[in-house]
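To start, the structure under review is shown below, and the notes come after it.
The values are calculated or read from the model by the stated rules, or taken from the named source; none is laboratory data. Since this is a predicted model, take the numbers as computed values, not measurements. Note: ideal-geometry Cβ built from the backbone for every residue, glycine included; neighbour counts use all protein chains shown. The protein model used for the area step is the full one, side chains on, heavy atoms only, and it has no ligands, DNA or RNA in it. Shrake-Rupley method; radii C 1.70, N 1.55, O 1.52, S 1.80 Å.
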Amino acid sequence: MQKLEIHSLPLKEVISDIALGLGTEYTQDCGEYIVHIPQKWGEGSIKGINFDGGLGLLIYKCLFHQEVEMQFTVNKTHPLKFLFCLNGDLTHHFEKDQQEHHLQQYQNIIVASKDHNGHVLNFKENVLTEIYSLEIDRSKFNSTRSCELEKTKPNLREVFMDEKGINSFYYNGLYSLVLAEIFEDMKSQEYDHLIKRIYLESQSYRMLIHQLIQYDDDTDINSDNKILRKSEAHAIQEAVEIMKLELDSLDSLNTIAQRVGLSPRKFQAGFRHFFGKSANEYLQTLRLNLAKDLLINTADSLQEIKDKVGFSSQSYFTELFKKTFRDTPSNYRKKHRGK
């Protein structure tokens, strides 16, 4: 096992320490710090981005040739961490507590260490691991939110108001495909510096909001929320990929449910749980968003676009498009083409 020791805060110094431990350099660009994994260690990168108000984001996309343990130890109060696993899996434990917490694909956890106790992350050998970690300096974050924190529910208030790390905190979250989509979107977007930074910050707040709502729901004794099995989360994600790849030739939704090994009831329940809409509503959203993109970026005829996104009726396609985007496909193209 290889060990990396990180003895610094905030994120710039964290990335600097990681680069030093890997025997390489890091680069920076407009508040974004990145270290590329040297070939002798593996492949991938670790990126850190600081936003205003005590919010930061660490993005790990790593494949190490052997097991790697990252030890975050510094004589300061550590950030409150919201972690989400997009690929692979990760093990976490507090510096002075060997009880391990496992973070699996599509799962999120929330952790805060006690006093100046640090965090230890363990990356498996030859496993591509993608982790998104929101890092919150509670003192800075709370400074402009004192009124809201005073009025929020005790379970959330106690976590955020513990600025000195009096208590340790660990929450084992549910599996979330909504968060997976947020980060897949983040990976696919290519904007210039100003738009990129604002976009990344907004997506980071989306992640925070989703995890807080989930935590609040889980700790509400009146909630009827039930944890879906990991296998069901993977099945729904597989169904989403089938929808995206086969929009123009999809069979019935029941057929897709059969292909991913779910009953029609669990299939629909899974989409409502993860996306807040039925499978049919989700499919229509995919089709209409692709149609919008094709209208703007291709010269395809309306008939060709209708076929590519999987609508059998031109009039129904036009009706749904107008209902969603408040314009007909042809007018939408005229207004947005070439912008």
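Go through region 1-97 and name the trypsin sites (Lys or Arg not before Pro) that are in a DSSP coil and have 16 or fewer other Cβ atoms within 10 Å of their Cβ.
Answer in residue order: K40, K76, K96.
Report, to one decimal in Å, the Kirkwood hydrodynamic radius for region 93-226 based on all distinct Cα pairs.
16.8 Å
Would you mind counting up the charge near L245? Only other residues with Cβ under 15 Å from its Cβ, with Lys and Arg at +1 and Asp and Glu at -1.
Local charge sum for L245: -2.
Students sometimes get this wrong: rank S176, S16 by accessible area, probe 1.4 Å, all chains present, largest first.
Largest to smallest exposure gives the sequence S16, S176.
Taking the dipole about the Cα centre of the chain, with the C-beta of Lys and Arg at +1 and of Asp and Glu at -1, give me whichever of I209, N126, F321 is farthest to the positive side.
Positive-most Cα among the choices belongs to F321.
Charges on Cβ only, +1 for Lys and Arg, -1 for Asp and Glu, centred on the Cα centroid of the chain; of H101, G173, V14, which one is farthest towards the dipole's positive end?
About the Cα centre, the residue reaching furthest to the positive side is G173.
If I ignore ligands, DNA and RNA and count only protein heavy atoms, how much of T324 is accessible to a 1.4 Å probe, in Å² to the nearest 10?
80 Å²
Taking the Cα centre of region 1-69 as origin, work out the dipole magnitude from +1 charges on Lys and Arg Cβ and -1 charges on Asp and Glu Cβ, in debye rounded to 20.
I would put it at about 120 debye.
Percent antiparallel among DSSP beta bridges with both residues in the chain, to the nearest 5?
90 percent
Quick one: which of K47/K323; K3/K151; K81/K277 span more than 31 angstrom between C-alpha atoms?
Violating the 31 Å Cα-Cα cut-off are K47/K323; K3/K151.
How many Å² of accessible area per residue for region 103-260, probe 1.4 Å?
53 Å²
Place a +1 charge on the Cβ of each Lys and Arg in the chain and a -1 charge on the Cβ of each Asp and Glu, then give the dipole magnitude about the Cα centre in debye, rounded to the nearest 20.
I would put it at about 1120 debye.
Any idea what the relative contact order of region 94-237 is, in percent, if you count C-alpha pairs under 8 Å spaced at least 6 apart?
31 percent
Using the Cβ atoms and a cut-off under 11 Å, what net charge is assigned to the surroundings of L11, where Lys and Arg are +1 and Asp and Glu are -1?
-3
Only sites in a loop by DSSP and with at most 11 other Cβ atoms within 10 Å count here; which GluC sites (Glu not before Pro) in region 20-108 make the cut?
Hits after loop and neighbour filter: E25, E100.
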